[in-house]
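Asker: Right, I'll just put the structure down here and ask away after.
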Amino acid sequence: MTIQSPLTVQDFKSDVKPIWCPGCGDHAVLLAVTKALVELNTPREQIAFISGIGCSSRIPAYTNVYGFHGVHGRALAIAAGVKLARPDLTVLVAGGDGDGLSIGGNHFMHACRRNVDMTYVIMDNEVYGMTKGQASPTTAPDWCNSKLTPHGTGVSPVEPVRLALAAGANFIARGFAGNPNDVARLIVEGVHHPGFSFIQVLSPCVTYRPEQREWKQSVHAGQDQPPQLVAEAMHRLASDDGFTTGVLFAGNRPAFMPERKVTASFADIEKKFAS
Amino acid sequence: MSELHFLSGNEAVAQGVRLSRPRVIAAYPITPQTIVVERLSEMVESRELAAEFVHVESEHSALALVMGSAAMGVRTFTATSSQGLMYMAECLHYTSGGRFPLVMMNANRSLALPWNIYGDQSDSLALLSSGWIQVYAETAQESLDMIIQAYAVAEDVRVRTPVLVNLDGFVLTHTYEPVIVPDQDTVDAFLPPPDFPPGYPGTFDLLRPQSLAVSAGPGDYAGFKYRQHRDMVAAAEPIRDVGGRFAEIFGRGSADLIEPYRCGDAELVMITLGSIAGTVRDVIDDLRADGLRVGLLRIRYLRPFPSEDLRRLLFGPLRRAAVAAIGILEKDISFGHQGGVALEVKAALYDQAEASAPAGLPPVRNFIAGLGGQDISRGQIIAMFDDLARAAGRDGDEPARSVRFVGLEASR
């Protein structure tokens, strides 16, 4: 057996150049994902990266692991199928606030309660970027720069981490694209934590939400010890300003997929080819 | 006074909707439809249009929402494209079965996988059996005019069937042309009021409480479906009435479900639909200048399918020459068989053969082109007419290859 040198961030990036706008937070999320993959030290062929539709959902194409550009809003359902068929794989899911909380909102709730062992990153910029700037479920009710909602949506935004907690997610965290090392750490913790891990990453859209450049002044780290009880997490999140970063909840519900099992070893596969 | 504006197909649709005064509009953005609902939002904002405008969470919700509003007896609008239309599929059948007189615009776009945002007609062709009337516009002007006419057709008590107005994605939705925008008074006189009259069938009547959207067991279900089919077939007459009345009042358009071009003496006839008809017309003029007798039939309505009109135009007594070969040019494929439009046309021809085959049917060739937004060039259309000439002369053309993919050489 040959000894391989450890993989680097570059090894996890593909040759495809991102078409995100310059300054988009998603570039930093891509960096964070690749840093996390280096830290996890998992072979590339042991990682499946599933997404939906939207700007951020292009992210699997920019990485060098198994990728799947899914149906709009259905990334979590597809990812659950991947994990159930191949429990040995590390399953990452990513997408935007529009994809995951609007058209795919129903799946989010049920993925949290089903608690399949995978890690879901919502790259939240509070806007539909790909269709050129409409309000998403996380958009503040008084944001009136969208042609579809010129007086603002007037409806309460979804608070993704509270929704995840209420629906039963086993690990909940929030990161900020301006701090990719921190996001990478959260992804690593999310992958290690059994069950469904949800990470909201505040990822500014500099094109349609230029005011989000100011987010770096608002984000602040939460407490070091994340709550393990739902009631305590709920109590803290009740007064959360939406900018607290770090692990917000780390529960101990058993995962839907309790045991990791390898379906076929490389030795077995080699034998098949040899015969 | 009508005014001449420079509009894209999407903007023309928005103008047609504004003039039709829907009470409720539901919107979920999808490329290449987004501009329609953005313009409508601006019109609601500027009070040019008095409507409730809702930015919903998905296409499925958009169609369900307007179904609810229509059940309350008001005119509605929504628009979609491609994956969005597919996601709505359940509600398409629900709304047509419930006989809700909805109007929806669809920006014709390819279907994933592979993921592609450009135009072809795979989306609406896949939902031909959903019980919606389907009309295909060629120009931005026709798009505007068809939205207005669609409301008149859908809400006709004899019809009470939803109408899907299709525009080719990008080629028609995003290109600009001069468009006559009619004045409000003329449209108001043309269309019934946007609040359906009391007692309009299938809507809530608060004086006569009843349950809508019922269940039907095996004993009743077939009857519902028969009436839906019967009324869709019979809708051809109201469609002609509406088209004819529109032409009389507005001075353009026609009562035809199929629009012929230089077809009466044509030996080689191309049948197509949507915006590519313009290019085919140009090619026909050139080939005619070279002495070739070629012509076009542009299908405007794919549902109800105008079988009798098609047979009359191809074989009727007013023809000055026999049709020697027929081409069907379309931007979709029913995998494992033929193009969806070819299937429609051939079914109509079989009925002709049964009725009174003059001297056997002419050969028919199906050209599948423009998938995923690929351009269909003049040269390719000329080559199609060459194929038809060979087929007509039974000269070196392989009948077994009745379905021909055009432009594959550009694909990997």
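Asker: Size of segment B:23-72 along its principal axes in angstrom, Cα-based, largest extent first?
Answerer: Principal extents (largest minus smallest coordinate, Cα): 27, 26, 13 Å.
Asker: Enumerate the amide H contacts of B:Met105 below 5 Å, restricted to partners 5 or more residues apart or on another chain; note that Pro and chain-start residues carry no placed amide H.
Answerer: B:Thr78, B:Ala79, B:Thr80, B:Val165
Asker: Going by average Cβ neighbours within 10 Å, how do the peptides A:165-174, B:260-269, A:48-57, B:376-385 rank, with the highest at the top?
Answerer: A:48-57, A:165-174, B:260-269, B:376-385
Asker: Rounded, prolate or oblate: which fits segment B:159-206 when a ≥ b ≥ c are the square roots of the eigenvalues of the alpha-carbon gyration tensor, with rounded for a/c under 1.5 and prolate only if a/b beats b/c?
Answerer: Because a/c hits 1.5 or more and a/b fails to exceed b/c, segment B:159-206 counts as oblate.
Asker: Just for the Cα atoms in segment B:329-411, what are the lengths along the principal axes, largest first, rounded to whole Å?
Answerer: Result, largest extent first: 42, 27, 20 Å.
Asker: Could you order peptides B:95-103, A:140-148 by the average number of other Cβ atoms within 10 Å of their residues, highest first?
Answerer: Descending packing order for the listed peptides: B:95-103, A:140-148.
Asker: Ok, one more. Give the Debye-formula value of log10 I(q)/I(0) at each listed q (0.14, 0.17, 0.23, 0.29 Å⁻¹), with one equal scatterer per alpha carbon of segment A:28-82, two decimals each.
Answerer: Reported log10 I(q)/I(0), two decimals: -0.36, -0.52, -0.91, -1.20.
Asker: If only Cα atoms are counted, what is the Rg of segment B:1-46, and what is its Dmax, in Å?
Answerer: In Å, with Rg to one decimal and Dmax whole: 10.8, 34.
Asker: Here is a further query. To the nearest 20 debye, what charge dipole does segment A:31-169 have about its Cα centre, counting +1 at the Cβ of each Lys and Arg and -1 at the Cβ of each Asp and Glu?
Answerer: About 260 debye.
Asker: Quick check on chain A: of the DSSP beta bridges with both residues there, what percent are antiparallel, nearest 5%?
Answerer: If I count the DSSP bridges inside chain A, around 15 percent turn out antiparallel.
Asker: Enumerate the whole-percent occupancy of each 20 Å bin, from 0 to the last occupied one, for all C-alpha pair distances of the protein assembly as shown.
Answerer: 17, 42, 32, 9, 0
Asker: On the principal axes of its Cα set, how long, how wide and how thick is segment B:238-322? Give whole Å, largest value first.
Answerer: The Cα atoms of segment B:238-322 stretch 39, 26, 21 Å along the principal axes, largest first.
Asker: Can you pull the Rg over Rh of segment B:366-407, Cα-only, Kirkwood?
Answerer: That ratio is 1.01, to two decimals.
Asker: Counting only DSSP beta bridges with both residues in chain B, tell me the antiparallel percent, nearest 5.
Answerer: Among the beta bridges of chain B, antiparallel pairing accounts for roughly 25 percent.
Asker: In sequence order, what are the phi-derived ³J(HN,Hα) couplings for segment B:311-320 according to the Karplus relation 6.51 cos²θ - 1.76 cosθ + 1.60 with θ = phi - 60°, rounded to whole Hz, with x for glycine and proline?
Answerer: Values per residue, Gly and Pro as x: 5, 5, 5, 8, 10, x, x, 7, 5, 9 Hz.
Asker: Under unit Cβ charges (Lys, Arg +1; Asp, Glu -1), what dipole magnitude, rounded to 20 debye, does segment B:120-188 have relative to its Cα centre?
Answerer: Once rounded to the nearest 20, the dipole reads 340 debye.
Asker: May I pose another question? I'd like the antiparallel share, as a percent to the nearest 5, of DSSP beta bridges with both residues in segment B:258-411.
Answerer: About 20 percent, rounded to the nearest 5.
Asker: Give the whole-number value, in cubic angstrom per residue, of the convex hull volume spanned by the C-alpha atoms of segment B:64-157.
Answerer: Cα-based convex hull of segment B:64-157, divided per residue, equals 92 Å³.
Asker: Next question, about the same structure. Can you give me the pair-distance distribution of chain A, C-alpha pairs, 5 Å bins, whole percents?
Answerer: Computed distribution, short to long bins: 1, 6, 13, 17, 20, 17, 12, 7, 3, 2, 1, 1, 0, 0.
Asker: Please give the average number of partner chain Cβ atoms lying within 10 Å of the Cβ of each residue in B:23-35, rounded to a whole number.
Answerer: Per residue, the average neighbour count from other chains is 3.
Asker: Could you give each residue of segment B:212-227 its phi-based ³J(HN,Hα) in whole Hz, using Karplus coefficients 6.51, -1.76, 1.60 with θ = phi - 60°, and x for Gly or Pro?
Answerer: 9, 6, 7, 8, 9, x, x, x, 9, 4, 4, x, 4, 5, 4, 5
Asker: Also, quick follow-up: If contacts are Cα pairs under 8 angstrom and at least 6 residues apart, what is the relative contact order of segment A:18-274 in percent?
Answerer: 20
Asker: Volume per residue, Å³, of the convex hull around the alpha-carbon atoms of chain B?
Answerer: Given the Cα convex hull of chain B, per-residue volume reads 155 Å³.
Asker: Using a 10 Å cut-off on Cβ atoms, rank the peptides A:197-204, B:84-91 from the highest mean neighbour count down.
Answerer: A:197-204, B:84-91
Asker: From the phi angles alone, apply the Karplus equation (6.51, -1.76, 1.60; θ = phi - 60°) to segment A:154-168 and give each ³J(HN,Hα) in whole Hz, x where the residue is Gly or Pro.
Answerer: x, 10, 4, x, 6, 9, x, 5, 5, 4, 4, 5, 5, 7, x
Asker: Is there a simple number for the mean count of other chain Cβ atoms within 10 Å of the Cβ of residues in A:147-153, and what is it?
Answerer: 6
Asker: Please report, in whole Å³, the volume per residue of the convex hull around the C-alpha atoms of segment A:160-231.
Answerer: In segment A:160-231, the Cα hull volume divided by residue count equals 109 Å³.
Asker: If you take the alpha carbon radius of gyration of segment B:258-411 and divide it by 2.2 N^0.38 Å, what ratio comes out, to two decimals?
Answerer: 0.96
Asker: Taking beta carbons within 10 Å but only from partner chains, what does the mean come to for residues B:292-305?
Answerer: Going residue by residue through B:292-305 and averaging, the value is 0.
Asker: Consider just the alpha-carbon atoms of segment A:177-268 and return their Rg together with their Dmax, both in angstrom.
Answerer: Radius of gyration, then largest Cα-Cα span, for segment A:177-268: 17.1, 55 Å.
Asker: Tell me the angle of helix B:236-250 to the major Cα principal axis of chain B, expressed in degrees between 0 and 90 and rounded to the nearest ten.
Answerer: With both axes taken from Cα atoms, the answer is about 80 degrees.
Asker: Could you tell me what % of all Cα pairs in segment B:1-128 have separations over 20 Å?
Answerer: Counting every Cα pair in segment B:1-128, those more than 20 Å apart make up 43 percent.
FYI, it's all coordinate maths here, none of it is from the lab. What you see is a predicted model, and the numbers here were worked out from it, not measured in a lab. Note that each Cβ is placed from the backbone with ideal geometry, even for glycine, and that neighbours are counted across all protein chains shown.
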